[in-house]
Amino acid sequence: MIVELGHYALVLALALALAGGTLPLWGALRNDTRLMAVASTTAVAQFILVALSFAALTYAYVVSDFSVLNVVQNSHSLKPMIYKISGVWGNHEGSMLLWVLILVLFGALVALFSANLPLRLKALVLSVQAWIGAAFLIFILISSNPFLRLHPVPFEGRDLNPLLQDVGLAIHPPLLYLGYVGCSISFAFAIAALIDGRIDAAWARWVRPWTLAAWGFLTLGIAMGSYWAYYELGWGGWWFWDPVENASFMPWLSATALLHSAIVMEKREALKIWTILLAILTFSLSLLGTFLVRSGVLTSVHAFATDPTRGIFILIILCIFIGGAFSLFAARAGTLSQGGLFAPISREGALVLNNLLLTAACATVLVGTLYPLALEALTGEKISVGAPFFDMTFGPMMVPLLIAVPFGPFLAWKRGDIVAAGQRLLFAFGAAMAVMILGLALMGTPAALALFGVALSVWLMVGSISEIAFRVKLGRASLAESWRRGAGLPRSAWGTAVAHFGVGVTVLGVVGATAWNSEEIATLKPGEAMSIGAYSVTMDGFVPLSASNYTGTAVRFTVREGGNVVATMEPEKRLYTVPNTPTTEAAIKTFGFSQLYVSLGDIGTDGATVVRIYWKTLVTLIWIGALIMTAGGALSLSDRRLRVGAPKPARRAVPVPAE
Amino acid sequence: MLLWIVMAVLTAAASLTVLIPLGRAPRVQTVASGGAARSIYRDQLDELARDRERGLIGDAEAEAARIEISRRLLNSEAGATTSSGTGSAYRIERLVAVIAVPLVAIGLYLFVGSPQLADVPIASRATEPAAEGSVDDLIAKVETHLAANPEDGRGWEILSPIYMRLGRFDDAVRALGNAKRLLGSTAERESLYGEALTRASGDVVTDEARAAFEKALKFDPQDIRSRFYLAYSLAQSGKKDEAISAWNALIDSAPTDAPWLGAARAELAKLQPTTTVPAEATVTPAAPGPTQADIAAAAEQTPAERQAMIEGMVGGLAARLDAEPADPQGWERLLRAYMVLGRTDEANAALARARTALKERPDLLTVVETAARDIGIGKD
């Protein structure tokens, strides 16, 4: 009964989403407050119903109810409980249900915590949300229904892809979905503004926190996915420019741009139309990501679904929402009022530069991701656009952006002084140069490119500290005075500095792991040793493993540095018994910020084992940086004061229009 | 029935979420954007004054910002007029709530749902008879017999290994204790008793179990099971070196085809990594020896695992029949088992194998074919 009740709740949520999409929209057009008020109650009810439905599916997984097809396909009664639960969204149907759950959760949050949002804007936003929800609910019910039943009931389930039996899976998709779906709120606000034909201070005040939250979740989700691929797939790589990774990276780039332009919107009421366009673009890219991953267009570890009808279905949703949004944009954008004015060299100008570079980078990734697909569809020719393309295009575009980052916060609103900003950044510039020169002296010219990367990251990190140091008058006032000023700084200023610092940390990790990565492959027998960098790794022997759902073999290695044992590592080869699939588990040991990574290849009958060892310099900084960025976002999000961008008063220059 | 009642309640609640806001005027201050914008601009002016007091911005900037915000405040339009119909004006909208929402929901549900199917959690399936003459029935028969004749030592002895396989270790301890008491102590009975005690206590070799193993060794110093568990208990009590030498002695004295050899090596390897490659490393599934995990799994066997065990027995039967196919009753049992387990494909495959294997013995094959027809496979 519980399963069927969950199924019915889902259907009822669809019926309510249709009502909630239609009545408030009608009310907003007729200026009828009672009809507009329907939006909030139905939004909350949709959330309760979808949550019920999700709980029912989770129940079916927990009690291993094999009368549910989805449970049979993705679970097994012997699986550890945590993977039974994560199995709920570890498959196509369940993950789409999670997607909708998060969507309606956000809708309910808007409905409940927006007392100061104009009723009409709220009604329009919630009805757009309801339409998105309805589209995906129809998709779930028609082509990806997790509640399909089986009779007679099979005795056992077919387990879960062992690659996905991992804590990473339990966390990575929900985070990413929180990010993707969070973008739907900004999208709904953008569409609401276009329908309403007006966009004002309340709009900006609402869009920015939602974008910030979505961006934070996206950052965490992508970092998590990258770390998961790093330790689970056993290739030792952390980013592959895989189309599925790109699918999550594009919305991130565009959300980053949106985040920055929304600041301009909120503080200065400029860049309105551009911000709306970015909001539409960001959610479109999220939908595109969902389409690419879910349709089976791409084959990768993520493609649980390779059913063409689903692909076509998502494509239709994609066309309706993206096409509809852009048509609406084309028709209505001209009627929106223009915002504030600013000079090219100003905080706004810096943010425009940021936006241009980020969207250009995003477009590059889009081309690199879609071109091979389009080519294959048109000519049948299979090409792969891999790291070289992105290194040559994406990399050079990031360099000017990263160089420009520290300047931004030093420029005043409306009109800035680039020379003064440069003077304040002299220390950061000096630090970067010092690192570069010192590195060149020690390592010589071959390392120049890598050292440039390191200098860039130092520039970013010291630059972001300089901004805070300048604002608290560090060194120019007493320590107590600086402390007082630091505590008085708005948390959003701290958030900016922390997030920019995080970017620097990630850049350092990327440069380190790319330039000073070493890799050794050898065939070892027990007792033999190989060396990598300063470490010598000895193979001790085999250790048999067994757990409830797999058997396997670990190989024990002793790691020595200068004769002293510093670690023992046990990479594993597992054989999952139910789907009879072998997997490899790498062993990773962290030294400082760097990691030693050992992964097993084939094991011969005579004990000769293929061993791959990587030394990854500073690799953990990549993910630590992402965590710092997210922390910066959270700091900024916690600052709910009103944002006022005080313009620098004009002396003589005449500002130019923003758009 | 309960399902339909709960569904009706949910539907009514859903309709109410549309009806209630239609029935009362909303308590909102701001409907259109103008009013909200003005209050935000006023808040912005307050914020600006606070920032100025804290010295976050200079006087000139504050003044410029103040002028800018004030200009926006003046420009913000007055709120558009809104209407709100009286309670009776929403006839169509109410029809949507009361008729369309339930109609869409129920209609679509009847199309995609399966209201006639109940939940089937795996735990509820323990009571389902797994097969004709299932293990449970056999046990029940023997238990009834023993309740009437508690002094039948042979009966207890027959029952004890079945208890062990089903993971009913406490019952196994009781059965073996009775067998020992009635039939006398032997190396075999003492070591089995010790094993049952060990498993019953969650794979810990207790003092009582150790005493049983030691007693078994007095009858037969080479008793493998006792030596195995004693070595295991040494490792458990932290005597690593002694455990290693005990395992080595056990392995050295073993014939090369001893079925427990793999398990012993695995235990040894946990104490010291081996230089020989374990079977699992190079080939696909290894013969499952009683590894520690197996022992642990057996100790907390659920109906699901019992099911898995039954499937293991079926697999064993299939393997035996492939080796010695001249057993029509065996084939019949195998086919029936596959059908009961719902694995029609495998049943068909087994029938095909039987046909090939029994090509030379048409008399036996006829028996198998007849049985297959009864069971309902191989009609084509």
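Where does each of A:453-464, A:488-499 land if you order them by average Cβ count within 10 Å, highest first? If you can, show how the numbers build up before the last one.
Working: A:453-464: 23.7, A:488-499: 19.5.
Result, highest mean Cβ count within 10 Å first: A:453-464, A:488-499.
Tell me, what is the Rg over Rh of the stretch A:587-637, with Rh the Kirkwood radius over Cα pairs? Numbers along the way, then the final one.
Details: Rg = 17.3 Å, Rh = 13.3 Å.
Over the Cα atoms of the stretch A:587-637, Rg/Rh equals 1.30.
Could you bin all the Cα-Cα distances of the stretch B:302-375 into 5 Å bins starting at 0 and give me the percent of pairs in each, rounded to whole numbers?
For the stretch B:302-375, the pair-distance distribution reads 3, 17, 29, 24, 14, 7, 3, 1, 0.
I want the local charge near B:Leu19. Using Cβ-Cβ distances under 15 Å, sum +1 for each Lys or Arg and -1 for each Asp or Glu among the other residues. Don't skip to the answer; put the middle values down first.
On the way: positive: A:Arg34, B:Arg24, B:Arg91, B:Arg94; negative: B:Glu93.
Residues close to B:Leu19 contribute a combined charge of +3.
Could you work out what % of the accessible surface of the stretch A:483-627 is carbon and sulfur, using a 1.4 angstrom probe and leaving DNA, RNA and ligands out of the count?
Numbers: 3100 of 5690 Å².
The value for the stretch A:483-627 is 55 percent carbon and sulfur by accessible area.
Determine the order of A:Tyr83, A:Tyr180 by accessible area, beginning with the largest, at a probe radius of 1.4 Å.
Largest accessible area first, the residues go A:Tyr83, A:Tyr180.
Please give the total accessible area that chains A and B bury against each other, computed with a 1.4 Å probe and expressed in Å² to the nearest 100. Working shown, then result.
On the way: alone 27130 and 23950 Å², together 43470 Å².
The summed interface area works out to 7600 Å².
Counting only heavy atoms of protein chains, what accessible area per residue, in Å², does chain A have with a probe of 1.4 Å? Mind showing how you got there, number by number?
Numbers: 23340 Å² over 659 residues.
I get 35 Å² per residue for chain A.
How many times 2.2 N^0.38 Å is the alpha carbon radius of gyration of the stretch A:518-616? Intermediate values should be presented prior to the final figure.
Values: Rg = 13.6 Å, N = 99, 2.2 N^0.38 = 12.6 Å.
In units of the globular-protein estimate, the stretch A:518-616 measures up at 1.08.
Once amide H atoms are built 1.01 Å from N in the peptide plane, which residues 5 or more positions from A:Thr581, or in another chain, come under 5 Å H to H?
A:Tyr576
Hey, any idea what % of the stretch B:302-375's accessible area is carbon plus sulfur with a 1.4 Å probe?
Values: 2120 of 3850 Å².
Answer for the stretch B:302-375: carbon and sulfur cover 55 percent of the accessible area.
For B:Thr144, A:Thr364, what's the largest-to-smallest order of accessible area, 1.4 Å probe?
Values: B:Thr144 95, A:Thr364 20 Å².
My answer, sorted largest first, is B:Thr144, A:Thr364.
Which links in A:Lys122/A:Lys414; A:Lys525/A:Lys589; A:Lys525/A:Lys573; B:Lys215/B:Lys239 stretch past 24 Å when you go from one Cα to the other? Kindly include the intermediate steps, with their values, before the conclusion.
Details: A:Lys122/A:Lys414 31 Å; A:Lys525/A:Lys589 22 Å; A:Lys525/A:Lys573 16 Å; B:Lys215/B:Lys239 21 Å.
Flagged as over cut-off: A:Lys122/A:Lys414.
Going by a 1.4 Å probe on protein heavy atoms, which residues of the stretch A:531-551 end up with at least 30 Å² less accessible surface in the whole assembly than in their chain alone?
Checking the loss per residue gives A:Phe542, A:Pro544, A:Ser546.
What is the pair-distance distribution P(r) of the stretch A:466-548, computed from all Cα-Cα distances in 10 Å bins starting at 0, with each bin given as a whole percent?
14, 21, 17, 15, 14, 15, 3
Compute the Cα gyration tensor for the stretch A:113-222, then decide on rounded, prolate or oblate, letting a ≥ b ≥ c be the square roots of its eigenvalues: rounded whenever a/c is under 1.5, prolate when a/b is larger than b/c in the other cases, and oblate in all that remain.
On the way: a/c = 3.95, a/b = 1.83, b/c = 2.16.
Oblate, since a/c reaches 1.5 and b/c is not below a/b.
Based on the alpha carbons, how large is the Rg to Rh ratio for the stretch A:1-165 when Rh follows Kirkwood?
On the way: Rg = 17.8 Å, Rh = 16.5 Å.
My calculation of the ratio gives 1.08.
What does the accessible area per residue of the stretch B:302-375 come to in Å², with a 1.4 Å probe and no ligands, DNA or RNA counted?
Values: 3850 Å² over 74 residues.
Here the per-residue accessible area is 52 Å².
In whole Å, what are the Cα extents of the protein assembly as shown along the three principal axes, biggest one first?
For the protein assembly as shown, the Cα spread along each principal axis is 110, 83, 61 Å.
Mean residue ellipticity at 222 nm from the helices of the protein assembly as shown, using -39,500 (n - 2.57) per DSSP H segment of n ≥ 4 over the full residue count, to the nearest 500 deg cm²/dmol?
Value at 222 nm, helices only, nearest 500: -21500 deg cm²/dmol.
Using a Förster radius of 22 Å, what is the FRET efficiency between A:Asp639 and B:Ser70 based on their Cβ-Cβ separation? Nearest 0.05, please.
The computed FRET efficiency comes out at 0.35.
Which net charge results for the neighbourhood of B:Ala249, defined as the other residues with beta-carbon distances under 11 angstrom from its beta-carbon, given Lys and Arg at +1 and Asp and Glu at -1? Walk me through the numbers on the way to the answer.
Working: positive: B:Arg227; negative: B:Glu242, B:Asp252.
Local charge sum for B:Ala249: -1.
What does the extension gain come out to for A:Leu373 and A:Ala441, with contour length at 0.36 nm per residue minus their alpha carbon separation?
Working: separation 68, 0.36 × 68 = 24.48 nm, distance 4.63 nm.
Between A:Leu373 and A:Ala441, full extension yields 19.8 nm more.
Name the residues of the stretch B:337-370 whose accessible area, probed at 1.4 Å, falls by at least 10 Å² once all protein chains are in place instead of their chain on its own?
When all protein chains are present, B:Val340, B:Leu341 each give up 10 Å² or more of accessible surface.
Over the heavy atoms of B:Lys141, what accessible area does a 1.4 Å probe trace out, to the nearest 10 Å²?
The value for B:Lys141 is about 140 Å².
Summarise the partner chain shielding of A:602-609 as one whole number: the mean count of Cβ atoms from other chains within 10 Å of each residue's Cβ.
That works out to 4 on average.
How do B:Asp241, B:Asp46 rank by accessible surface area computed with a 1.4 Å probe, from largest to smallest? Don't skip to the end; give the middle numbers.
Values: B:Asp241 120, B:Asp46 85 Å².
Ranked from most to least accessible, the order is B:Asp241, B:Asp46.
Near A:Glu4, within a Cβ-to-Cβ distance under 9 Å, what is the net charge of the other residues, with Lys and Arg +1 and Asp and Glu -1?
On the way: positive: A:Arg149; negative: B:Asp119.
In short, 0.
Along the Cα-to-C-beta direction of B:Val6, a point sits 7 Å from the Cα; which residues of the stretch A:10-32 have their amide N less than 17 Å from that point?
Output list for this probe position: A:10-13.
Using a probe of 1.4 angstrom, how much of the accessible area of the stretch A:391-463 is carbon and sulfur, in percent? Kindly include the intermediate steps, with their values, before the conclusion.
On the way: 2810 of 3520 Å².
Reported share for carbon and sulfur atoms: 80 percent.
The values are calculated or read from the model by the stated rules, or taken from the named source; none is laboratory data. All figures in this text were calculated on a predicted structure; none of them were measured in a lab. Here Cβ is always computed from backbone atoms with ideal geometry, including for glycine, and neighbour counts include all displayed protein chains. Only protein heavy atoms, including side chains, enter the accessible area calculation; ligands, DNA and RNA are left aside. Shrake-Rupley method; radii C 1.70, N 1.55, O 1.52, S 1.80 Å.
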